């Protein structure tokens, strides 16, 4: 099943995407069908937290000059950083050099606490595309990563969630990131240092994962700078394609965010 979150007027709902239409799954709109173009596409889940994983591809650690971790390196991105498909990534003036990081994201399907790797995938709703946008100079200077990864619009997610029956083996997916149609990242999820099951197990041993929470599983080599006017696309086989333009128009976007609340 392909799942998404949508807005129709003032109503927000979850729907299944079927043959170019959206079938509402719950609430007052349950069962109704809409054309995709009738709806505003939102990030496909509403997480209480976004858990990022650093240095989960060997070659990416090497390109940053960092040693390989013996355990997963995790950090948090605020839900306020979420950004939907086709919405602009903003180059805030405080951020300095900003880079894309294409990733596979895991969306949790139910409450999960201290599960084993063997059972971890039973708690997963599905998978989607993620861009762990990072202010690289702030990351290097701060030594910890909250500021560099926490700006508004620095967590593009979507466009939809592909459930396990759509995805198959999550450790054999092809991840590609394009900058202005130029291929910049191209790897398989089989190259992860820690598998999806190991990540869910590890993180759930530290914090309770709730339905809708997101785990961003790390980026492969090939990260690079983005500038105003660029378009970044994260494409994962069997999962989908997330596209976001890049803008430096802060004032306009702040006003748009205020109006959308």
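Condition (residue is modelled with pLDDT of 95 or more, buried (at least 21 other Cβ atoms within 10 Å of the Cβ) and farther than 13 Å from residue 246 by Cα) applied to the range 89-102: is it met by at least one residue? Yes, the range 89-102 contains at least one residue that is modelled with pLDDT of 95 or more, buried (at least 21 other Cβ atoms within 10 Å of the Cβ) and farther than 13 Å from residue 246 by Cα. Checked against the criterion of being more than 30 Å from residue 191 (Cβ to Cβ), surrounded by fewer than 17 Cβ atoms within 10 Å (Cβ to Cβ) and either free of Cβ contacts under 8 Å to residues at least 60 places away in the same chain or touching a helix residue (DSSP H, G or I) at 6+ places or on another chain (Cβ under 9 Å) (or both), the candidates 33, 5 yield just one match: 33. Of all residues in the range 130-155, those satisfying the criterion of being farther than 13 Å from residue 99 by Cβ, in contact with a strand residue (DSSP E or B) (Cβ under 8 Å, 6 or more places away or on another chain) and not in a helix (DSSP H, G or I) are 130, 144, 150, 152, 153, 155.
Against the criterion of being touching a helix residue (DSSP H, G or I) at 6+ places or on another chain (Cβ under 9 Å) and either at pLDDT 95 or above or assigned by TED's automatic domain parsing to the domain that holds residue 213 (or both), residue 86 does not qualify. Please work out if residue 130 is touching a helix residue (DSSP H, G or I) at 6+ places or on another chain (Cβ under 9 Å) and within 24 Å of residue 232 (Cβ to Cβ). Criteria not met by residue 130.
Quick check on the range 17-29. Is at least one of its residues within 20 Å of the chain's Cα centre (by Cα) and not assigned by TED's automatic domain parsing to the domain that holds residue 186? Among the residues of the range 17-29, at least one is within 20 Å of the chain's Cα centre (by Cα) and not assigned by TED's automatic domain parsing to the domain that holds residue 186, which makes the answer yes.
The values are calculated or read from the model by the stated rules, or taken from the named source; none is laboratory data. On a predicted model such as this, the values are computed, not experimentally measured, just so you know. Neighbour counts run over all protein chains shown; Cβ positions are idealised from the backbone, glycine included.
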